[in-house]
2 protein chains.
Amino acid sequence: MLNPVAIIEKKKAGTKLTGEEIRWMLQNYVTGAVRDYQMSALLMAVYFQGMDSEETADMTAAMLESGKVLDFGPGGSPRVDKHSTGGVGDKVSIALAPLAASLGIKVPMLSGRSLGHTGGTLDKLESIPHFRSVLSLVEMKRMIESVGCFISGQTNEIAPADKKLYALRDVTGTVDSIPLITSSILSKKLSEGIEALVMDVKFGSGAFMRSKASARKLARSLLKTGEEMGLRVSTVLTSVEQPLGFAVGNALEVIEAVNLLRGKGPRDLMAVTGLLAAEMIVAADLAKSKSKALQMARRAVASGAALKHFKKWVAAQGGTLRFERADLGLELAGLRIEMKAWRSGFVRRCDAKALGLAVMDLGGGRVSVDDDVDHSVGLILRKKINHKVKVGEPLAVFYARDMHTLREAEERARSAFHIGNSPVGQRTSLIIDFPR
Amino acid sequence: MLNPVAIIEKKKAGTKLTGEEIRWMLQNYVTGAVRDYQMSALLMAVYFQGMDSEETADMTAAMLESGKVLDFGPGGSPRVDKHSTGGVGDKVSIALAPLAASLGIKVPMLSGRSLGHTGGTLDKLESIPHFRSVLSLVEMKRMIESVGCFISGQTNEIAPADKKLYALRDVTGTVDSIPLITSSILSKKLSEGIEALVMDVKFGSGAFMRSKASARKLARSLLKTGEEMGLRVSTVLTSVEQPLGFAVGNALEVIEAVNLLRGKGPRDLMAVTGLLAAEMIVAADLAKSKSKALQMARRAVASGAALKHFKKWVAAQGGTLRFERADLGLELAGLRIEMKAWRSGFVRRCDAKALGLAVMDLGGGRVSVDDDVDHSVGLILRKKINHKVKVGEPLAVFYARDMHTLREAEERARSAFHIGNSPVGQRTSLIIDFPR
């Protein structure tokens, strides 16, 4: 007979767990027969002893089986999703989902809320008035039929074991385990009923994975476990040394995503979005080469088809935007103050983590799960790495609620910048293709 | 500000925790602000990353401070206790406490119940009719004044953090961590208000520590941490390759302990008890050398002083024994069956763990904390390692409640024995002195 202590002891000793043991543990954890304190001990043992791709696949399957799956039946248009491990300023999904859908790809995207400094797509979307950010399974299926995409929070029906487990990992110091991250991502993504997944594994100060090496490990684990589970996964590594784009903050990032679909996005954001779109198009078999796929993505933006699809999608999820206005009718905090350069030179550092934390100081993020998020606050960068700057020129503009949070945020943002005499020479590439 | 996740992450990364962090964590765990699942994650991280003697001392101090301490004031007779890490057939404390007390040593002994196959002193004593196995702090002090010794369970007032932590470790696979074992033992022992502690660290199949190497590690940790805490500790390593003495089972072991005090104990039991008594006598400064101390111990038995003290002690804790009877008036299970040797030869194996489990099969142990223990069951070995045996001769006698449990126990006990053509040559010594 299986028992939790024996399973914990087994993993603690570095022995591979069987599929039966992993399933039993997860199933009994969901019912409460295996207790939180036993699961957290197992998770810590997994942190130290790891799990191989077979164990990770078993874990993924057990979490997947704990809930319902979007079932689209056989045939139909290709279903492909993109998932990012999260980074400061990452608003790619908001533009990418309707872009891909405008090309006929079905994008059933389950997304998360922010915790810590990296921001979450759902929070960004919730800055849109009346936007319904959590759909039922029936609504999700209808969205895929009518619009071709949705972005929704995870309901309680989808991988409840993952939901319970993630909340536990968050408060027990067991978040940063490659097999646990892998099974959490893949169980949610497999619940979407997709055929292929494009992973944007981010690394750097503003990302969840700090080093390129750990991002590479996670990418490999996602590929191998995806293979075990019969899901085609492709991965791209991207750097979050500085924020992606210029906007950090929920409403501000929605505006930047729309600007991107208008062909006026920041270069780095366009590059990452274009690459991920191309990966999705290739994964959906709509183009033979990545360069062809990239052309298709560019055309979808240039022709306005992607923006048209964005409008249709947001409206279908209840959101109301005023596209005739620069602020799209979103509420933006009224206290706007520029942070000015204290010397002339070149920006050598524009630290993503510090800037993410500065937006949290403004109230735009979440320290714990129950915190309210202020969607109207944030900052717009005026200068990024290697930009030339003169003393007194603005480095960034803050959108704040009050002077108190503004001062804290400015203090923090100041430490994010370093201005030197010369630009930075050798830099980490923004995008690193990850070979299979 | 301290927070549990940061402390878990710190230990996970292998960094030494400060005394403040350890105290904060323990104090908040006792109040419930730090949750079970966070503590178990920390304990698992401690299992993998260890704690040095300073951290272990901080942990010990925090647990000690969570409760009350027996305060005997300055001066008075030396207070010395003995503690064993537990082994099958270990009934030493029952004879040793009154023996030492008869020589003027104060022995305030807090003891535990059994879990698993090793048996606990309290369970053994509870086979004595009317014996009060849990005393209040006031009663403990009175016993030390009037009788010079007591053996009692840990009340809720003593090291409650340890009590809560031990229960958690038991169900989360985090029992076998040297610093956690050390702090658990020492916090309880320091609560007794003793000046010196003699540790019997047992190793082998029937003990908690399986290997001599791990026993040695624990002994070292106890010595070093004791030193940090200002407690004189001396340690002896003893082997539990086979049960200590012939009796295994609660009432049967009480009878054997009394026989020891009558000068009729098994040789190995006499050797271990004598050595530990000598260590206590030296620690109490009542003899200069161990050989002198051993003589004193032997004389206390030979003169009947130790037995007289035993009677006084048991009566003071409410116990009623009939010393005129061989069974002391204890209830012994009525179904008595001999297990006979299946061949002639020499006993080469008489495995302590299997025999401990056989007694559990009979109902004499506890699988989980709430289980009832049947004090009347057990077994008496007739043959031990290197004894010559003829086919059909009894290897052991079972005391059972019913045929069902008897058959299970016999099956198990059979696997404990190996009879070969010759005795075993090189053997692990029963007693290994551990130098400071």
Where a residue in the range A:160-176 is farther than 24 Å from A:Glu192 by Cα and touching a residue at least 24 places away in the same chain (Cβ under 8 Å) and its partner, wherever it lies, is of a type in the set (Asp, Glu) and in a helix (DSSP H, G or I), with Cβ under 6 Å and at least six apart | A:Gly173/B:Glu9
Inside the range A:18-29, can you point out the residues that are surrounded by 15 or more Cβ atoms within 10 Å (Cβ to Cβ) and more than 13 Å from chain B (Cβ to nearest Cβ)?
-> A:Thr18, A:Glu21, A:Ile22, A:Arg23, A:Trp24, A:Leu26, A:Gln27, A:Asn28
Answer from A:Gly14, A:Gly67, A:Gly32, A:Gly76 - the residue that is within 12 Å of chain B (Cβ to nearest Cβ) and open to solvent by 20 Å² or more (accessible area, probe 1.4 Å) = A:Gly14
Among what's in the range A:301-312 and is under 23 Å from the mean Cα position of the chain (by Cα) and farther than 18 Å from A:Asn250 by Cβ, pick the residue that is least open to solvent (accessible area, probe 1.4 Å).
-> A:Ala306
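Condition first: open to solvent by less than 20 Å² (accessible area, probe 1.4 Å) and assigned to a helix (DSSP H, G or I). Now tell me which residues in the range A:386-429 satisfy that.
Selection gives A:Leu406, A:Ala409, A:Ala413, A:Ala416.
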When every residue in the range B:331-349 that is small (Gly, Ala, Ser) and in a loop (DSSP other than H, G, I, E, B) is compared, the one surrounded by the fewest Cβ atoms within 10 Å (Cβ to Cβ) is B:Gly334
Has the range A:58-70 got any residue that is touching a Ser or Thr at 6+ places or on another chain (Cβ under 9 Å), touching a residue at least 60 places away in the same chain (Cβ under 8 Å), closer than 30 Å to A:Gly319 by Cα and of a type outside the set (A, V, I, L, M)?
-> yes
Report yes if some residue within the range A:216-229 is touching a Pro at 6+ places or on another chain (Cβ under 7 Å), surrounded by 22 or more Cβ atoms within 10 Å (Cβ to Cβ) and more than 28 Å from A:Pro266 (Cα to Cα); otherwise report no.
-> yes
B:Gly50 being at positive phi, open to solvent by less than 30 Å² (accessible area, probe 1.4 Å) and under 16 Å from the mean Cα position of the chain (by Cα) | no
Candidates A:Ala271, A:Ala251, A:Ala278, A:Ala297 - the one that is out of contact with any helix residue (DSSP H, G or I) (no Cβ under 9 Å at 6 or more places or on another chain), small (Gly, Ala, Ser) and in a helix (DSSP H, G or I) | A:Ala271
Reported set for the range B:84-108 where residues are of a type outside the set (Val, Ile, Thr) and either assigned to a loop (DSSP other than H, G, I, E, B) or surrounded by fewer than 23 Cβ atoms within 10 Å (Cβ to Cβ) (or both) is B:Gly86, B:Gly89, B:Asp90, B:Lys91, B:Leu103, B:Gly104
Taking the options B:Leu355, B:Leu328, name whichever one is in contact (Cβ under 8 Å) with a residue 60 or more places away in the chain, at positive phi and surrounded by 14 or more Cβ atoms within 10 Å (Cβ to Cβ).
-> B:Leu328
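B:Met39 - would you say it is within 12 Å of another protein chain (Cβ to nearest Cβ), open to solvent by less than 30 Å² (accessible area, probe 1.4 Å) and either under 21 Å from B:Ala167 (Cβ atoms) or touching a strand residue (DSSP E or B) at 6+ places or on another chain (Cβ under 7 Å) (or both)?
When the stated conditions are applied, B:Met39 passes them.
Restricting attention to the range A:55-70, does a residue exist that is under 30 Å from A:Leu321 (Cα atoms) and of a type outside the set (Lys, Arg)?
yes
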Taking the range A:293-342 and keeping only residues that are closer than 30 Å to A:Arg414 by Cβ and either at pLDDT below 95 or among the small types (Gly, Ala, Ser) (or both), one is left with A:Ala326, A:Ala333, A:Gly334, A:Ala341
Just name the residue that is farthest from A:Gly32 (Cα to Cα) out of those in the range A:139-168 that are surrounded by 22 or more Cβ atoms within 10 Å (Cβ to Cβ) and under 19 Å from the mean Cα position of the chain (by Cα).
-> A:Cys149
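The values are calculated or read from the model by the stated rules, or taken from the named source; none is laboratory data. Owing to the predicted nature of the structure, the values given are computational and were not obtained by experimental measurement. We place every Cβ from the backbone using ideal geometry, glycine too, and count neighbours over all the protein chains shown. Surface accessibility is based on the protein's heavy atoms, side chains included, excluding ligands, DNA and RNA. Shrake-Rupley method; radii C 1.70, N 1.55, O 1.52, S 1.80 Å.
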